[in-house]
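The values are calculated or read from the model by the stated rules, or taken from the named source; none is laboratory data. Computed from a predicted structure; not experimentally measured. A quick note on method: Cβ atoms are made from the backbone with ideal geometry, for glycine too, and the neighbour counts reach across all protein chains shown.
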Amino acid sequence: MRLFPRCVLLSVLIAATTAFGASPATILPENFSGWSMKASGKLTADPVIADPANAPILKEYGFRDMESATYVREDGRKLAIKAARFEDTSGAFGAYTFYYQPEMNREEIGDQGSSFNQRILFYRGNLLVDAVFDRVTAMSAAELRELAGLLPRPFGNRASLPPVLAYVPRRNYIANTEKYIEGPLALAQASAPLDARIVDFSKGTEVVLGRYKVGAGEATLMVISYPTPQIASDHMKAIDAGHTHMQQQAGVASIVNIGPFFDRRSGPLLAVVSGPVSQSEARSLLSFVSYDADVTWNQNTFFDKKNNIGNLIVNVILLCAILAGLMLVAGMAFGGLRIAVRTLFPGKLIDRPERVEFISLHLDDSVDRSADSHLSSSIKAS
C-alpha cells in the first residue's frame with residue numbers, strides 16, 4: 001500500500017515539470033511559439049564551452065551552467081539559442097551589459113533585451129539568452145517574449161537587481177553604455193578610469209560604469225559600491241593621493257590619465273567622473289549620485305495562536321461570557337439559599353423580628369398634634 005502514494009507523488013511531479021515546459025535538469029523548453037527543438041546540447045558547467053575567450057569573466061559573474069539548442073519551424077527556418085544560468089540576477093545582468101554594444105537596439109524582451117541584425121540578446125532573471133535567427137521577421141521579438149515567459153525564474157534575493165543601479169543617473173546617459181562589473185577582469189575590459197587594484201574587489205565591491213553627454217564630448221561616470229562608508233572613505237583617500245601624484249610607484253595602483261578627474265563620496269558609494277568635462281558639469285553629474293539609507297525594522301509579528309490578535313479578541317469574549325455566567329450562578333445560589341433557609345427556619349435565622357425592626361420618628365403624628373395645639377391657642381386668644 002505504501003507504493004501507491006509514492007507513485008502518485010511521482011506522477012504529480014512529472015506532470016508539473018511537463019507543464020512548465022522543461023525538466024529541472026534543463027533550461028530551454030522543447031517547443032514555443034511554433035518552434036520545435038531539433039538538436040539540444042547537453043547542460044554544461046564549463047564556461048569555456050559557453051565562451052572560450054571570456055570564460056574567466058563569466059566566472060566573475062557567477063556562471064553556473066549553459067544549454068544550447070537549435071530550433072526549427074515547419075517553413076524551414078532555424079534558430080540557434082544559448083542560455084547561460086548564473087547564481088543570481090545580478091550576474092545575468094552583468095553578463096548582459098558585458099556583451100551588449102552601443103549599436104544595438106533596445107528590445108522589450110525578458111527583463112531587458114537588445115538586438116543587432118539577426119542576433120537578439122536578453123536576460124530573464126538569472127538567465128542570459130543569446131538567440132540568432134537565420135531570418136528575422138516581424139514576429140521574432142514576440143516569439144522570444146513567449147520563450148522568456150517559459151524560462152525558469154529565481155526566487156528570493158537571487159531575483160533582485162544590484163541596489164547600486166538605483167543611484168546611477170539617467171540624465172544625458174548614452175544608451176547601451178552601462179556596464180555592471182563584479183571583478184577585475186571585467187573592469188579591465190571596460191576601459192575604466194581606475195585600476196582594479198585601487199578599486200579592490202576583495203571586499204565585495206560592485207562597480208557601475210556609464211557614459212554621458214557633456215559639452216565637449218562624452219564623460220565617463222564610475223560608481224563604486226563598498227560594504228561600509230568607512231571603506232569607501234579609505235579608498236577615496238587612496239584615489240585622491242594617486243590622482244595628485246599621477247605616477248606609477250612600486251606596489252601602488254595608478255589612475256588612468258584620460259583628462260580631468262573629479263570624485264565624490266556619498267555614504268558607501270564612491271563616484272568618479274573623468275573625461276573632457278568641466279568642473280560645473282562634473283559637479284552636476286556627481287550630485288545625482290546621492291546615497292539614501294533605507295532603514296528597515298523587521299519586527300516579528302508572531303502569527304502563532306498565542307500572539308494572534310484575533311485569538312486575543314475571542315478569548316476576551318469567552319472570558320466575559322464565563323464571568324457573566326459565574327455571576328448569574330452565584331446570584332441564583334445566594335437567592336436560593338435565602339429562600340431555603342426562610343422556608344426551613346422561619347423567623348429564626350433570617351428575617352428575625354429584632355433584626356427587621358427599625359426606628360420610626362412618627363413625624364406625621366407630631367405635625368398633626370402641633371397643628372391642633374396651634375389651632376387651640378388661636379381659639380383661646382380670640
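Only a single item in (1) modelled with pLDDT under 90; (2) in contact with a Pro (Cβ under 9 Å, 6 or more places away or on another chain) is not met by ASN126, and it is number (1).
Note on segment 185-203: among residues that are in contact (Cβ under 8 Å) with a residue 60 or more places away in the chain and part of a helix (DSSP H, G or I), the one that is surrounded by the fewest Cβ atoms within 10 Å (Cβ to Cβ) is GLN189. Answer yes or no: is there a residue in segment 87-100 that is within 21 Å of the chain's Cα centre (by Cα), assigned to a loop (DSSP other than H, G, I, E, B) and surrounded by fewer than 17 Cβ atoms within 10 Å (Cβ to Cβ). Checking segment 87-100: at least one residue is within 21 Å of the chain's Cα centre (by Cα), assigned to a loop (DSSP other than H, G, I, E, B) and surrounded by fewer than 17 Cβ atoms within 10 Å (Cβ to Cβ).
For segment 204-220, filtering for residues that are under 29 Å from the mean Cα position of the chain (by Cα) and in a loop (DSSP other than H, G, I, E, B) leaves 2. Restricting attention to segment 204-218, the residues that are touching a helix residue (DSSP H, G or I) at 6+ places or on another chain (Cβ under 7 Å) and either within 22 Å of TYR100 (Cβ to Cβ) or buried (at least 20 other Cβ atoms within 10 Å of the Cβ) (or both) add up to 5. Among the residues making up segment 182-208, those that are in contact with a Leu (Cβ under 9 Å, 6 or more places away or on another chain) and more than 22 Å from LYS237 (Cβ to Cβ) are ALA190, SER191.
Within segment 258-278, the set of residues being within 30 Å of the chain's Cα centre (by Cα) and not in a strand (DSSP E or B) comprises GLY267, PRO268. Reported count of residues in segment 154-176, each being at positive phi and in contact (Cβ under 8 Å) with a residue 24 or more places away in the chain, is 2. Among residues of segment 32-49 being among the aliphatic types (A, V, I, L, M) and not in a loop (DSSP other than H, G, I, E, B), the one that is nearest to LEU147 (Cα to Cα) is MET37. Based on this model, can you work out whether THR44 counts as at pLDDT below 95 and either in contact with a strand residue (DSSP E or B) (Cβ under 8 Å, 6 or more places away or on another chain) or among the polar types (S, T, N, Q) (or both)? Yes, satisfied. Please tell me if LEU285 is modelled with pLDDT of 85 or more and either within 22 Å of LEU187 (Cβ to Cβ) or out of contact with any Leu (no Cβ under 8 Å at 6 or more places or on another chain) (or both). It is true that LEU285 is modelled with pLDDT of 85 or more and either within 22 Å of LEU187 (Cβ to Cβ) or out of contact with any Leu (no Cβ under 8 Å at 6 or more places or on another chain) (or both).
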